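Please treat every number below as a calculation from the coordinates, not as lab data. These numbers were taken from a predicted model, which means no experiment stands behind them. Ideal geometry is used to build each Cβ from the backbone, glycine not excepted, and the neighbour counts take in all protein chains shown.
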Amino acid sequence: MPSLPCASRPHRRGLAVVVAVVVAVAALVAAAPARPADPPGEPGAAAPAEAPRGRKNAKEKRPAFKLPAAIRRPAEAPAVSVAPVDPLARPAVRAAAGRIDAILAARHAATGVAPGAPLGDEPFVRRVFLDLGGRIPTHDETVAFLESTDPEKRDALVERILASPDWVSRFYDLWADTLRLAERPQRDVWSEPYLDWVKRSIAANRPYDQWVREMLTADGKMWENPAVGFQLRDEGMPLPYVDNTVRVFLGTQIGCAQCHDHPFEAWTQHQFYELAAFTSGLRTGAPARPAKAKAKGEQAAAPDGIEKASRNARALVVETRKRAEKEGKRVDNQFVQYLQANGLTVNFLERPLKLPADYHADDAAPGDTVAPAVPWGEIPADARDLDGRARFAAWVTARDNRHFSRTIANRLWKMLFGVGIVEPIDDFREGNPPSHPELLDHLADEIVRLDFDLREFVRVVVSTDAWRRRAIPHDEASETPYAFAAPALRRLSAEQLWDSLLTLVARDPQA
């Protein structure tokens, strides 16, 4: 399956590269002589330039230069098919947005905060494209919006962008940072299929809880089941995997409890290992075939299939190198890494977890086996008979797990307002309460009410009066909580700047 063309990539280089490109292009334009008109049927293709005056060899000619097709030609079709947005849901969206505005209005009235001034059409079209599409609007898009007499043109524009490849690119940027996406996160891990799967999941508007649950329980090779990329991101590091998973999806930093009880919160070292016990059977390598259990209901012992296959892979690499040496050739390292990565498989087989040798709490001893347990709530009833990894995934994504819904609601709120209700956004704890608890609870309820449709949630938030007000400055160092009288004034991200430059110079920015 081909990868999706997408302007947003995890390996963008930021402002320095942009400045260098702009300076180089400006220098080329300033130095280039006037040229004849484009040859017929090939816009942007320059004819060979005449030799500059004063050159000793008049026969020398400047090489022909052709601009990339993405700059010369508009897109023939959308870069990716995106799930449509239902325009008939506008009344329900406005009603949901009104409930958010009412909560903010009550808070502002109680604290004496004046709401920001409403946005005019000119700043609105810029903001909606930057926040939802990750780029500035084109001249034609701006003129079409400003000249439209449709009283619902703002809602229509929101719907159009959310159903476009621009939204896929913008939302992918968010998840590229959140999930630490990289083409080569480790030497033997090639993640291109996983990155493409993330983009396709966004384009299909898959429910968030299903999307996360699939990542946490996926089995197989990257090429066959790309969702395994999340588990391979921390391949070989089972305890950091648990820490990162809880931080990303539940907004809780429990990693320090790996070594000691939390000094300020209720997390204990034993609780960390109880949670890690759910996924201790996660393995990477060749597919493991469980041996027959000794008795009915008894867990089979872990076979040595993974270790044996790993040895075979190493032997194959050694044999390939020996053959190459006999023929006086050299085996490319990338080929070797590709071969090793192609045999990398994620699978799960129950395995008990024991406390480490340096465990020093009084509630257990080093080497003791830890029984899996969750730090809050319960495993959903329909998952209690599943394996440990599946039970862990069901608990994380449960509809009644408030940490799950509150964390994603807070993350998306910060994307649109520039400030989270809980800051940092991955530090939910008693000692760091939300600035607007009633608002956060309501937003978490909205996430669940919408069946974890994150795009529809974003549609609701950008339909509020609060989001459609003029941005105001915010001092991140201030101890006074942000009042959300309007979105916070903030800089463009590197991705927004890059995609905006592409919008200025390319006729097909998604190429």
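Compute the FRET efficiency between Leu504 and Glu183 as 1/(1 + (r/R0)^6), taking r as their Cβ-Cβ distance and R0 = 22 Å, and round to the nearest 0.05. Efficiency for this residue pair is about 0.25.
Remark: the His360-Cys256 segment gains 36.0 nm on full extension, using 0.36 nm per residue and subtracting the alpha carbon distance. Sorting Asp166, Asp131 by the number of Cβ atoms found within 10 Å of their own Cβ, with the fewest placed first, yields Asp131, Asp166.
As a proxy for reagent exposure, ranking Arg429, Arg399 by other Cβ atoms within 10 Å from fewest up yields Arg399, Arg429. Taking the fewest neighbouring Cβ atoms within 10 Å as the starting point, the ordered list for Glu456, Glu479 is Glu479, Glu456. Once the Cβ-Cβ distance of Glu327 and Glu476 is raised to the sixth power relative to R0 = 51 Å, the FRET efficiency obtained is 0.25.
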